[in-house]
Every structure is written in C-alpha cells, then in structure tokens.
Amino acid sequence: SSGAHREPCAALLHQGGVPKARRRQRPVMSAQPLKEEDEFQGRDATGLQPADEKTPTEAAETAKYVKMLLGVVPLIGQVFAWPTYFLAAYLAGQKAVYDKKFAFIAEYQLGYVFLAVWIIGMARSVNVVNANGARGPARVDRPDQHVYKVMASSGPLKDAPYVMMAGTGPQGRFNRAQRGVFNTDEVMPLMLAWTVLASSVLGPVVLVPVLLAAYGRITFGMKYKESVKARSAGFLPAMVGERWVEGLVLLCAIKGIFFASIPF
C-alpha cells in the first residue's frame, strides 16, 4: 500500500512539485471609484437636517406645492396638449379621424371616463402636496421617505438618533437607485391609464410625449443613483412627458363632453 501512496506523490512532483495554494479572488471593484462622502454632512445629532432660520413651515411648503402641482403642472399639460392636437389634426390631416372618434365618445358619454381618470390623477396630486408640505418642517431630506425611531421611554436608547436610510457608499447608491424605481412605480398606474386613453383617440402622436417620459424616467433613475441633486436632469423631461399625456386626456374629456359646442 505504501507504494500505491508514493505513485501519486511521484506523479505530482513530476508535474511541478507540491500543489499550490488556491489564490483568493479579489472582489470586483467598480470601474469608476466611488468618491469620498461625508455620511453626516448636512445632518444634526439626530440625523435630521439642522433646524435654522431657513427651515420652512408646513404652511409655506404646502402653498409652494399647491402652486406647483395643482397650478403650474396641469397648465403645462394643457400648454403642450392643445398645440399637439392642432398640429396632428390640421397639419397631419387627422381632423376627420379625430372627429369620428370624438363623435363616438360624445354619443356614448365616454368623455366622462376621460374626465374621471384625470380627476383621480389630480386627487393623487393633492396627497403629494400634503406629504411634501409636511416634509420641510420634519427636516427630512430626499431620498428618505420615512423616519424611524427606537421606541425606548428610558435607558441609553431613549434619545437615540432617528433611523435613516444609508446615503453614502454602495449602500447609498443602492438606496437612491431603488428610490428611482419606486418613484417611477408611484406614477406608473396613472401613466398607463393616461396613455391608453389618449392614444385610443389621438393615435401615434401620443408616442412623442411617451418617449420623452421614458427617456426622463431612465435618466432620472440613473442620475438619482449618483446623487440626489443629479436626478433633476431626468425628472424634468419625465414630468413634462407625463403631464403632456395627462393634458391630452383632459383635452379628450373636454372635446368628448362638449363636442357639439367645439367647432375645431
């Protein structure tokens, strides 16, 4: 049996000596190294944004978002929607097709379907105003959407800092990327409804704002992963594209309900 043990050893030595220890694989690093970040920059001892004279009141923040989300944003939708309709109807020769569809919508009172969906979208905007108004005085920066507290009435954890999302390093990038997904998901049901309704009447022209919104959402998610501020590069085209489609839905509601009274 000793000879049997020696044969593999001899063969091994013949192939190059003692077996080599396995090399430990190095962790794969990103091609672009992460820059140094300060986890606590812009935070007080509790983890919130510092309270100072710039901290807005809930009333001021609510008024700001009422003007933006319930005034300016719907207006943007109409500013884009009506020129889109006129260009497609008169320059692209779609007026006869549109008239047939609007006559059908008016005959069967389907304009109220378009109006009802638009109202649902506005109801969501009211809730967003409500939440955004409360964010300022809470001193909670994005991407955080909630603040968690250790519920201890006494002991060393009684005055523990709030529990916030990790905002730096790979974990921060992941959290921001996830927030980009969730923000898109939050508007997705309405966007799908708007798209189906608007395209059922206006056809391929709806692809223009949809493509703009898709570009914006992808850019928004990619940039959000890099930083909170960078997300604006995608948020603006996403918002314009989405509200453009929403504006077309309201246009269809108006044309469908008042078709007999609107000559154009």
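The values are calculated or read from the model by the stated rules, or taken from the named source; none is laboratory data. Source: prediction; values computed, not measured. Here the Cβ positions follow ideal geometry from the backbone for every residue, glycine too, while neighbour counts run over all protein chains shown. For the accessible areas, the whole protein counts, side chains as well, though only heavy atoms, and no ligand, DNA or RNA atoms are used. Shrake-Rupley method; radii C 1.70, N 1.55, O 1.52, S 1.80 Å.
Below is a table of values for the structure above.
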quantity: Residues (surrounded by fewer than 16 Cβ atoms within 10 Å (Cβ to Cβ) and in a helix (DSSP H, G or I)) located in the stretch 97-114; calculated: Val97, Asp99, Lys100, Ala103, Phe104, Glu107, Tyr112
quantity: Residues of the stretch 60-94 that turn out to be open to solvent by less than 40 Å² (accessible area, probe 1.4 Å) and more than 23 Å from the chain's Cα centre (by Cα), as a count; calculated: 4
quantity: Filter result (touching a Leu at 6+ places or on another chain (Cβ under 8 Å), open to solvent by 20 Å² or more (accessible area, probe 1.4 Å) and closer than 23 Å to Arg142 by Cβ) within the stretch 238-264; calculated: Val240
quantity: Extreme residue, nearest to Asp52 (Cα to Cα), among residues of the stretch 121-141 that are outside any helix (DSSP H, G or I) and not acidic (Asp, Glu); calculated: Arg139
quantity: Condition met for Ala198 (among the hydrophobic types (A, V, I, L, M, F, W, C) and in contact with a Cys (Cβ under 8 Å, 6 or more places away or on another chain)); calculated: yes
quantity: In the stretch 190-204, the residues that are surrounded by 12 or more Cβ atoms within 10 Å (Cβ to Cβ) and not β-branched (Val, Ile, Thr); calculated: Leu190, Met191, Ala193, Trp194, Leu197, Ala198, Ser199, Ser200, Leu202, Gly203
